[in-house]
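> Have a look at the structure that comes next, please.
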Number of protein chains: 4
Amino acid sequence: MSTTRTPVRLQAVSAPDQPDVTPALHELYRGFEQELLVPLWTEIGDLMPAHPRSRAVPHLWHWDSLLKLAARAGELVPVGRGGERRAIALANPSLGGRPFATPTLWAAIQYLMPGEDAPEHRHTQHAFRFVVEGSGVWTVVDGDPVPMNRGDFLPQAGWNWHAHHNATTEPMAWLDGLDIPFQYVTEAQFFEYGRDELSAAERTTPRRSRSERLWGHPGLRPLTATPAPAGDSPLLAYKWEFTDAALADQLALEAEGHGGTVEPGHAAVRFTNPATGGDVLSTIRAEMHRITRGAETAPVRETGSSVYQVFNGSGTVTVGDTTWSVTRGDLFVVPSWESFSARSEAGATDSDSGGLDLFRFCDAPVFEALRLNRTRRGDA
Amino acid sequence: MSTTRTPVRLQAVSAPDQPDVTPALHELYRGFEQELLVPLWTEIGDLMPAHPRSRAVPHLWHWDSLLKLAARAGELVPVGRGGERRAIALANPSLGGRPFATPTLWAAIQYLMPGEDAPEHRHTQHAFRFVVEGSGVWTVVDGDPVPMNRGDFLPQAGWNWHAHHNATTEPMAWLDGLDIPFQYVTEAQFFEYGRDELSAAERTTPRRSRSERLWGHPGLRPLTATPAPAGDSPLLAYKWEFTDAALADQLALEAEGHGGTVEPGHAAVRFTNPATGGDVLSTIRAEMHRITRGAETAPVRETGSSVYQVFNGSGTVTVGDTTWSVTRGDLFVVPSWESFSARSEAGATDSDSGGLDLFRFCDAPVFEALRLNRTRRGDA
Amino acid sequence: MSTTRTPVRLQAVSAPDQPDVTPALHELYRGFEQELLVPLWTEIGDLMPAHPRSRAVPHLWHWDSLLKLAARAGELVPVGRGGERRAIALANPSLGGRPFATPTLWAAIQYLMPGEDAPEHRHTQHAFRFVVEGSGVWTVVDGDPVPMNRGDFLPQAGWNWHAHHNATTEPMAWLDGLDIPFQYVTEAQFFEYGRDELSAAERTTPRRSRSERLWGHPGLRPLTATPAPAGDSPLLAYKWEFTDAALADQLALEAEGHGGTVEPGHAAVRFTNPATGGDVLSTIRAEMHRITRGAETAPVRETGSSVYQVFNGSGTVTVGDTTWSVTRGDLFVVPSWESFSARSEAGATDSDSGGLDLFRFCDAPVFEALRLNRTRRGDA
Amino acid sequence: MSTTRTPVRLQAVSAPDQPDVTPALHELYRGFEQELLVPLWTEIGDLMPAHPRSRAVPHLWHWDSLLKLAARAGELVPVGRGGERRAIALANPSLGGRPFATPTLWAAIQYLMPGEDAPEHRHTQHAFRFVVEGSGVWTVVDGDPVPMNRGDFLPQAGWNWHAHHNATTEPMAWLDGLDIPFQYVTEAQFFEYGRDELSAAERTTPRRSRSERLWGHPGLRPLTATPAPAGDSPLLAYKWEFTDAALADQLALEAEGHGGTVEPGHAAVRFTNPATGGDVLSTIRAEMHRITRGAETAPVRETGSSVYQVFNGSGTVTVGDTTWSVTRGDLFVVPSWESFSARSEAGATDSDSGGLDLFRFCDAPVFEALRLNRTRRGDA
């Protein structure tokens, strides 16, 4: 338990129209401090603002810089019990130096050297992997080996055993997303170590995981003896070929005059639990957006925060008052209630898909489950 | 927006088996700091513990001390626009001096002088009032005046207009509970000012609110034209006479050999939304427990945190390793996964009910909605 | 199994524009009959009408006549194993002489002589009792004795053990409502005999059942070790005093200018499961309506059928094209999509409540669960 | 409205231990008849049996015979307004000659001649098409043309506009399944005529419907502006290639020692709504089962009734006490609570898939929504 006792001190007053601090009031405030009390009237502006004002700031991390540092860590830092993973997390510059991309979300680059194993463990934190480039690593979830390739999204619901294994002669890096900050602030976390070694069968490298063979057929639920899980997706990989086809289909429908997109030139899919149609993880939403060349999305504000990674193409993104040029692998955060829009660059040549593909994850399921979600579209 | 940029600095390392910090590793860590990155392997012990280790500590506040300071604030600090409420909040000693009783819950004493009005406003934060003593204040919710008397529980679901009005010649104090810290960390908050003056009709003081006349009949839903609200209770007061009778009924059933209690000598009810049977607020659970003289509850650990207030009687409560004697009005917190039990004192004379009555509120609905809840009963 | 083989015969053709029955077509139709086939085109008008056209007709039964026949049955027909209950059911005149008040609902008068017991059994059919007059019978549900008095509503969810016992020296009659026809047509029924004798403890006559002591407090859920039931109400009696007070409160609110009624002069409550806020039984909805003297309800059409019993007062009711004068105890049916309205008679003297109180039960939960419900208000 | 008044007549008594019909009792029974009343004690055995005893009987229809009669109807009976569809329904031999395959389900062969159109209409009855052989017809649902080919399953949720169009020079037949009997007995039906002519765009024949392009990607939900529908599947075709692959995957997993099947040699998938994971229609469940050569399923009893069609292979099926040899296209019914099992014939040569493929539809969603479902596995 963290038992550092911090003195209560009236914060920088965040409300207008404060009473004059007369000697009597000063004495009252000292009494509050002594009894571990804080009045609302000095704090209300910070605690109860007219709309969310995030403690986080918009920020951009370049994939190249991350990759270089991760590769260097691959040389210097072993992976194994204790540290568990060679993961290096984005630390939002205004969140106190903690490894929190936003107040609720963790985003890290994970790096595995040829032949390395990241040992088996499980935890209540919900996680996923998203592969911006490379291949060759297998995630083994409850004994089911799942290959990872460019564009694949792999959810990892809380409390399932999992390990990683690099079966190739090349290092591999990918994005890890978790709800570590959310579970840290709400204090829900459990963690257990698993076996030290995977079995030989788990080190095989099938093209499709068993989860995909059972649950990866559109609209079809297997009637196996095993009951369907309560809330987290039984499908352990969402392969890029399906995501890409779904986005292409939406844009083709739009071109044929049938709608199907979010807005002109903007296709998007959400990764969902096929057993429920709901979000793939109970605290994390994940989506892929495609913006055709020259198109621009309308600004949107939402309660809750997002992390984006550029998967294909390049363009500019605007978060609040800040605009950045972004390209493959770049990561950036959109804090709560900051406006967001993106524009795909007309001349981009680094796109397999002909547009700007943005992978997004966010904490919207938390807000929706508690009915705290709000959205405002347009410039207002 | 809070834009203070904090330098990223590797925290006090919270994981075993760290690699030796060679010059090369030192340089790597400097690179991380420069790029706003933090590795998992130095932080994992703090972020991913084997079980929740709360940043909050168990703590007890005596009602007498609170009441004295609140009364003094009544003399010195006006209530009105800007500060909005004369509310003084419990600040857990290890939560950085912030007005957070636990990482997710706000608990404050609110104090209104004779004839005073606390002005109308609304906010997304969910709130309730609980009255440990006194009477005479009316809460006006969306135009419906609701009286407050000893033992009454008054939920105040987010985004409803509300004001308070002291119609008597005596000051009155009560407990305010809110999810301010939870909405602060997740950044969901909206706030609006309402009318400056209540109408004459709203200053009347009927014995029962309109909400009670519509929704306060057991098992009976009014078929009014107005649809029932989606998730927050339409019943604005849970009067003590019903709570008391429900607890007495459970203990009588137990005495007749029919069970009905949580455990021997321990009766309890949860305040629920009559339109759904679910929790009275979407982020806050509220309950009343009665422990008969000489009885003791079995220790329980739960994910999530609670605040208790003694309503009747006296006894001892044990939170983790700490045991306190408590009496009417005293407030204490049970942090996440700390063990809790309570014993009612045999000779107590300050109980209307013949036992130790404990009012409790906690953040369990958040954990249940996201399936992060765990409970362990017994000493283990 | 009913194995009577009925010859397939083309029904009275219920569609326009039939093809001429040439010899070739005649031969085809003979072929259909031989192969147990029926074409859609001859039947479509009956099977797929523009809107529901009930096979049932509106009909009125007078309580006096029912009571006389039931009393005579009390003398002539013993109650006991095999017949199980002395219940006499309404048979809608156009439903083939079956004991079906509507295509889905059963309504019967049940009659118990002084000292008699109706033996314990259980069945998947959902049931309730409603007491229009008299008192003295106890229903014993899973060992919990529940008294029955004028105005009380007692739900009896499927598959709970139950028996009845007349503890007085007077006979008693009441209304039984069940979903027997619905479970008959869908073929869902199970039935089991229980113990032949109740225990002495079960023959006691407490004022309130244990279920009421646990679940009968408004908005309060008992935190007993026993988990709450999945879908049927744990509250076994809805006493008249609460129903009456709820209706009076709505009319008082209306008189004070605050709304609260369904329409002017028309108050109504629905009996709900306090654990969920939903309907008291999963296939049957039950409500009490009060229409003040001189008031008249607007006509309403709904999918699904209802049975009404007059509890207080007298007036006229209009079902489709038929209008009847009704008084205490009278029962009538409203078939699917027939328009219904009621008028309270100005000079009625037989009302405890000062108005026309109508008890209603219907099959709306079935329609809502399957999203087949539709309602049309007004004369259209 | 059907207003035939049927005399109430005491049914063939279906309960044991009836009282002797003395003259007094005879007179009482005459009184019942006059007042349109029926006692429970004479009817209880039929209405409240120990377990469901279906009014339907197991029965088998041979596809060849159906197809011949349907082809003859194609020559003799025009399709068009009034009759609406050239559909010929299975009439269970013990259901009074009505076109009801079971008490709740309709199953018909529909037949469309080259170039014919079945006109647009909509109805609250839920429907689907299943194609056992042939191709060339397009179903047009709310303007979206959906091709139909062997093995495809096409749900048609209630109240959507739909028409059919044969674009080829060959006639085509397929299976229509609906909940006509269920909506007939509960009296929920609405029906409307649509446009007389489809537009040219609707007569085009794309390879995939728009619904498949939006909703046919596994685990991916389109984020279009259009909100997802409440309860019925937005996916209008479940193509055979996916169903076949899902079944093959399950059997391959089983062969590799990983389970995945319902029982040894028995794979099965359920057609589900991708927006919810629930049943494809709110009153009808649809599944495809594959039994490998030589395998046999364990007997199962379920509340509710099913209709099966053999899609591939041949074998024997046992329903209650009856066993039939079946082959491609054959249709049979399993009444409520009758035991069912199937065996795939070792030497079958008429199977594309190497096993016995059985398409099944049933009324289980009704039973589950109302919590009336029960299942018993094994011979007991």
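> What FRET efficiency would be calculated for the residue pair D:ASP64, D:THR169, taking the C-beta separation as r and a Förster radius of 22 Å, to the nearest 0.05? Don't jump to the answer; show the numbers that get you there.
Values: r = 23 Å, r/R0 = 1.03.
That gives a FRET efficiency of 0.45.
> Another question, if that's okay. Copy-to-copy spacing for A:ALA24, label 7 Å out on the Cα-to-C-beta vector, in nm, shortest first?
With the label placed 7 Å along Cα→Cβ, A:ALA24 yields 7.0, 9.2, 10.8 nm.
> Something else: Say a label goes 7 Å from Cα toward Cβ at B:ARG207 in every copy; what distances in nm does this one have to the rest, shortest first?
For B:ARG207, the other copies' label points sit at 1.9, 7.8, 7.9 nm, shortest first.
> Against the longest principal axis of chain A, how steep is helix A:63-76, in degrees 0 to 90 to the nearest 10, with axes from Cα atoms?
80 degrees
> On to the next question. So who's got an amide H within less than 5 Å of the one on C:GLU338, skipping anything under 5 residues away but keeping other chains? H placed 1.01 Å off N, in plane.
The answer is C:GLU302.
> Can you compute the FRET efficiency between A:SER199 and B:ALA298 using 1/(1 + (r/R0)^6), with r the Cβ-Cβ distance and R0 = 51 Å? Round to the nearest 0.05.
Working: r = 41 Å, r/R0 = 0.81.
After rounding, the FRET efficiency stands at 0.80.
> Given the Cα atoms of the range D:240-377, and with Rh set as the inverse mean 1/r over their pairs in the Kirkwood sense, what is Rg to Rh to two decimals? Don't skip to the end; give the middle numbers.
Values: Rg = 14.6 Å, Rh = 15.3 Å.
With Rh from the inverse mean 1/r over Cα pairs, Rg/Rh is 0.95.
> Any chance you could check the Cα centroid distance between the range C:62-87 and the range B:59-82 for me, in angstrom?
After rounding, the separation between the Cα centres reads 70 Å.
> May I pose another question? Only Cα pairs under 8 Å and at least 6 apart count here; give the relative contact order of chain A as a rounded whole percent.
Values: 848 pairs, mean separation 56.5, N = 380.
Relative contact order for chain A comes out at 15 percent.
> Give me a comma-separated list of calculated 3J(HN,Hα) values for the range A:159-164, in order, Karplus coefficients 6.51, -1.76, 1.60 applied at θ = phi - 60°, integers in Hz, x for any Gly or Pro.
So the Karplus estimates, Gly and Pro as x, are 6, 9, 5, 7, 9, 10 Hz.
> What is the ratio of the Cα radius of gyration of the range A:250-289 to 2.2 N^0.38 Å, where N is its residue count, to two decimals?
On the way: Rg = 12.5 Å, N = 40, 2.2 N^0.38 = 8.9 Å.
Cα Rg divided by the expected 2.2 N^0.38 Å: 1.40.
> To continue, here is another question. Take the Cα atoms of chain A, build their convex hull, and give its volume per residue in Å³. Before the final figure, lay out each step's value.
Working: hull volume 64.8 nm³, N = 380.
It is 171 Å³ per residue.
> Can you report the principal axis dimensions of the range A:59-215 using only the alpha carbons, biggest first, rounded to whole angstrom?
45, 34, 29
> Do me a favour and compute the ellipsoid semi-axes for the range A:173-225 from its Cα gyration tensor, root of five times each eigenvalue, largest one first, whole Å. Intermediate values should be presented prior to the final figure.
Values: eigenvalues 163, 83, 39 Å².
Values for the range A:173-225, descending: 29, 20, 14 Å.
> Right, something else. For the range B:40-52, in order, what is each residue's ³J(HN,Hα) by Karplus, 6.51 cos²θ - 1.76 cosθ + 1.60 with θ = phi - 60°, in whole Hz (x at glycine and Pro)?
Going residue by residue, I get 5, 5, 8, 10, 4, x, 7, 7, 10, x, 4, 8, x Hz, with x marking Gly and Pro.
> If you don't mind, another one. In nanometres, what is the gap between the two model label sites at B:ARG377 and C:GLU75, each 7 Å from Cα along Cα-to-Cβ?
5.7 nm
> On a C-alpha basis, how far is the centre of the range D:227-292 from the centre of the range C:279-311 in Å? Whole number, if you could?
Value for the Cα centre distance between the two parts: 42 Å.
> List, shortest first and in nm to one decimal, how far the label point of C:ALA252 (7 Å from Cα along Cα→Cβ) is from its counterparts in the other copies.
Computed spacing set for this position: 2.4, 6.8, 7.2 nm.
> What are the ³J(HN,Hα) values, in whole Hz, obtained from phi via the Karplus relation 6.51 cos²θ - 1.76 cosθ + 1.60 with θ = phi - 60°, for each residue of the range D:95-112 in sequence order, with x given for Gly and Pro?
10, x, x, 7, x, 10, 5, 9, x, 10, 10, 10, 9, 9, 8, 10, 9, 10
> Another question, then. In µm²/s, what is D for the protein assembly as shown at 37 °C and 0.692 mPa s, where D = kT/(6 pi eta Rh) by Stokes-Einstein and Rh is the Kirkwood radius from Cα pairs?
Values: Rh = 35.7 Å.
Translational diffusion coefficient: 92 µm²/s.
> P(r) for the range A:113-163, please, calculated from all Cα pair distances in 10 Å bins and given in %.
25, 56, 19
> Another question about this same structure. Quick one: Cα convex hull volume of the range C:255-318, Å³ per residue? Kindly include the intermediate steps, with their values, before the conclusion.
Numbers: hull volume 8.5 nm³, N = 64.
So the per-residue hull volume is 133 Å³.
> Taking amide hydrogens as modeled 1.01 Å from N in the peptide plane, which residues meet the under 5 Å criterion relative to C:LEU37, leaving out close sequence neighbours?
Amide H neighbours of C:LEU37: D:ALA91.
> Given H placed 1.01 Å from N in the peptide plane, which residues other than close sequence neighbours of A:ARG150 have an amide H under 5 Å from its amide H?
Placed amide hydrogens put A:GLY134 under 5 Å from A:ARG150.
> Follow-up. What list do you get for A:SER336, A:SER314 if you sort them by fewest beta carbons within 10 Å?
Details: A:SER336 26, A:SER314 18.
Ranking A:SER336, A:SER314 by Cβ neighbours within 10 Å, fewest first, gives A:SER314, A:SER336.
Read the figures in this text as sums done on the coordinates, not as results from a lab. Since we're looking at a predicted model, the values are computed, not measured. Quick reminder, even Gly has a Cβ in these numbers, built from the backbone with ideal geometry, and neighbours come from all protein chains shown.
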